[in-house]
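**Student:** Here it is: the structure, laid out below.
The values are calculated or read from the model by the stated rules, or taken from the named source; none is laboratory data. Owing to the predicted nature of the structure, the values given are computational and were not obtained by experimental measurement. Heads up, the Cβs are rebuilt from the backbone with ideal geometry, glycines too, and the neighbour counts pull from every protein chain shown. Accessible surface areas use protein heavy atoms only, side chains included; no ligands, DNA or RNA. Shrake-Rupley method; radii C 1.70, N 1.55, O 1.52, S 1.80 Å.
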Amino acid sequence: MSKIGSIGARLHRGEVGYDFVGNRKIWYGISILITITAILGLTVRGLNMGIEFQGGAAFTTPKHMSASVSQAEKYAVDASGHDAVVQKLGDGSLRIQIAGIDTDKSDSIKKQLSKDLNISSESIAADLVGPSWGDQIANKAWEGLAIFMVLVVIYLAIAFEWRMALAALVALIHDITITIGIYALVGFEVTPGTVIGLLTILGYSLYDTVVVFDSLKEQTKDITKQTRWTYSDIANRSINGTLVRSINTTVVALLPVAALLFIGGGFLGAGVLNDISLSLFVGLAAGAYSSIFIATPLVADLKEAEPQMKALRKRVLAKRAQAAAQGEPVEPEVTDQADDDYEDEDAAAVVGPRTQPASRNRGRGRPSGKRR
């Protein structure tokens, strides 16, 4: 078995682990700092909305243009009086986007561009978007996002419980805020492809979160009937048990997206890929982070506020203190998944490691009687 696979198996069995829930204040602080930075970027710089959202015109020149991007941008600004975004496509043509202009003015801009670029007016393709249509697209995008969030909360509240639904909603808002803030900071254009990317990464983020929640729900059945673990202990075990799986799926998903963003959009100059690839890249990374460091620790905080969980925590800590006073180990016992996770410990050692692990399996798998 590979080293990573061995670590994953040990994490799943609870033999090793990291205290994610115990250090949740650190993760909350990091998330708050990143979120504030994203909000500041959004407030100060704002979003570079594409013509699909605010109306305008996009002009595409013939292939293998001799004019540079900076020259074409200067020509477009002079011809329209508005800011312009110029991208060089893979076939050598230029795509000139000018937002916030009336469609009636597009003909005069097209003629002026043909003169400046020394090409015929008929060879320039023009795509026009009216401002009212752009407003409709923006409104529909926000409506779709709101409906998605509501349906997610309803589903998670039914399938799990309202605390998990609330934690998942906070994690989703966290991912959206960071992704949109990154867009504002880097100045990438926001297009319908960006919205598609956002919805895609929200689904992926939910997938990771639901995997952890499902493990947590399964392991916390009849939790109050034992005095070995608190809810936070089991939540931490759930994160560690699915950690390698989350890392593997995130890395595998990020590799092709990184190729789109850095190779396709950066090295090859296919700028049209940036709008969707950046949202996917940032969103996938933020979604994996929030599933591990935000959603599950937040569920633990909400559950530990319940009277039953408070009483359980008090009993567990009291029993651990008693064990410590008697010189016994106080760390939670490492067990296999097949063992009884919540067996009563009235007649057993409290949260201590197994003293004779082989004796529990002695005689299993072979007939009784003398050994041959």
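**Student:** Listed residues Ser205, Ser232; which is in contact (Cβ under 8 Å) with a residue 24 or more places away in the chain, of a type in the set (Ser, Thr, Tyr) and over 30 Å from Ala138 (Cα atoms)? Please lay out each step first, then the result.
**Tutor:** On the way: Ser205 fails: over 30 Å from Ala138 (Cα atoms).
Of the residues listed, the single one that is in contact (Cβ under 8 Å) with a residue 24 or more places away in the chain, of a type in the set (Ser, Thr, Tyr) and over 30 Å from Ala138 (Cα atoms) is Ser232.
**Student:** Modelled with pLDDT under 85 and hydroxyl-bearing (Ser, Thr, Tyr): does that describe Ser215?
**Tutor:** Numbers: modelled with pLDDT under 85: no; hydroxyl-bearing (Ser, Thr, Tyr): yes.
Against the criterion (modelled with pLDDT under 85 and hydroxyl-bearing (Ser, Thr, Tyr)), Ser215 does not qualify.
**Student:** Consider Thr191 against the criteria (1) within 29 Å of Ala57 (Cα to Cα); (2) at pLDDT 85 or above: it satisfies all of them except one. Which criterion is unmet?
**Tutor:** The one condition Thr191 does not meet is (2).
**Student:** If I ask for residues that are under 22 Å from Asp301 (Cα atoms) and of a type in the set (Phe, Trp, Tyr), which ones from the stretch 149-200 would you list?
**Tutor:** Within the stretch 149-200, Tyr155, Phe160, Trp162 qualify.
**Student:** Moving to a separate point now. Counting only residues that are touching a helix residue (DSSP H, G or I) at 6+ places or on another chain (Cβ under 8 Å) and over 15 Å from Val129 (Cβ atoms), which one in the stretch 88-107 is surrounded by the fewest Cβ atoms within 10 Å (Cβ to Cβ)?
**Tutor:** Checking each candidate, the answer is Leu89.
**Student:** So, in the stretch 77-128, exactly how many residues are without any contact (Cβ under 8 Å) to a residue 40 or more places away in the chain and part of a strand (DSSP E or B)?
**Tutor:** So the answer is 4.
**Student:** Would the stretch 219-233 turn up any residue that is under 23 Å from the mean Cα position of the chain (by Cα), part of a helix (DSSP H, G or I) and under 18 Å from Ala311 (Cβ atoms)? Break it down into steps so the answer makes sense when it comes.
**Tutor:** Residues of the stretch 219-233 under 23 Å from the mean Cα position of the chain (by Cα): 232.
This time we only want the ones that are part of a helix (DSSP H, G or I), so: 232.
Applying the additional criterion that residues be under 18 Å from Ala311 (Cβ atoms) yields 232.
Looking for residues that are under 23 Å from the mean Cα position of the chain (by Cα), part of a helix (DSSP H, G or I) and under 18 Å from Ala311 (Cβ atoms), one finds at least one in the stretch 219-233, hence yes.
**Student:** Gln112 passes all but one of (1) open to solvent by 80 Å² or more (accessible area, probe 1.4 Å); (2) more than 25 Å from Leu185 (Cβ to Cβ); (3) in contact with a helix residue (DSSP H, G or I) (Cβ under 6 Å, 6 or more places away or on another chain); which number fails?
**Tutor:** Condition (1) is where Gln112 drops out.
**Student:** Have a look at Ala84, Ala167 and point out the one that is buried (at least 17 other Cβ atoms within 10 Å of the Cβ) and more than 30 Å from Leu216 (Cβ to Cβ). Quick ask: steps written out before the conclusion?
**Tutor:** Values: Ala167 fails: more than 30 Å from Leu216 (Cβ to Cβ).
That would be Ala84, the only listed residue that is buried (at least 17 other Cβ atoms within 10 Å of the Cβ) and more than 30 Å from Leu216 (Cβ to Cβ).
**Student:** Residues to consider are Ala300, Ala285; find the one that is at pLDDT 85 or above and open to solvent by less than 20 Å² (accessible area, probe 1.4 Å). Break it down into steps so the answer makes sense when it comes.
**Tutor:** Working: Ala285 fails: open to solvent by less than 20 Å² (accessible area, probe 1.4 Å).
Unique residue meeting the criteria: Ala300.
**Student:** Same structure, new question: Exactly one condition in (1) under 30 Å from Ala295 (Cβ atoms); (2) open to solvent by 70 Å² or more (accessible area, probe 1.4 Å) is not met by Asn118; state its number.
**Tutor:** (1)
**Student:** Considering only the stretch 150-170, I want to know if a residue exists there that is modelled with pLDDT under 85, over 13 Å from the mean Cα position of the chain (by Cα) and part of a helix (DSSP H, G or I).
**Tutor:** Just the residues of the stretch 150-170 that are modelled with pLDDT under 85, to begin with: none.
Checking the stretch 150-170: not a single residue is modelled with pLDDT under 85, over 13 Å from the mean Cα position of the chain (by Cα) and part of a helix (DSSP H, G or I).
**Student:** Something else about it: Just give me the residues in the stretch 174-193 being among the polar types (S, T, N, Q) and either over 18 Å from Ala285 (Cα atoms) or open to solvent by 10 Å² or more (accessible area, probe 1.4 Å) (or both), in sequence order. Explain how you work it out, then say what you get.
**Tutor:** From the stretch 174-193, those among the polar types (S, T, N, Q) are 177, 179, 191; that's our starting set.
Scanning the stretch 174-193 gives Thr177, Thr191.
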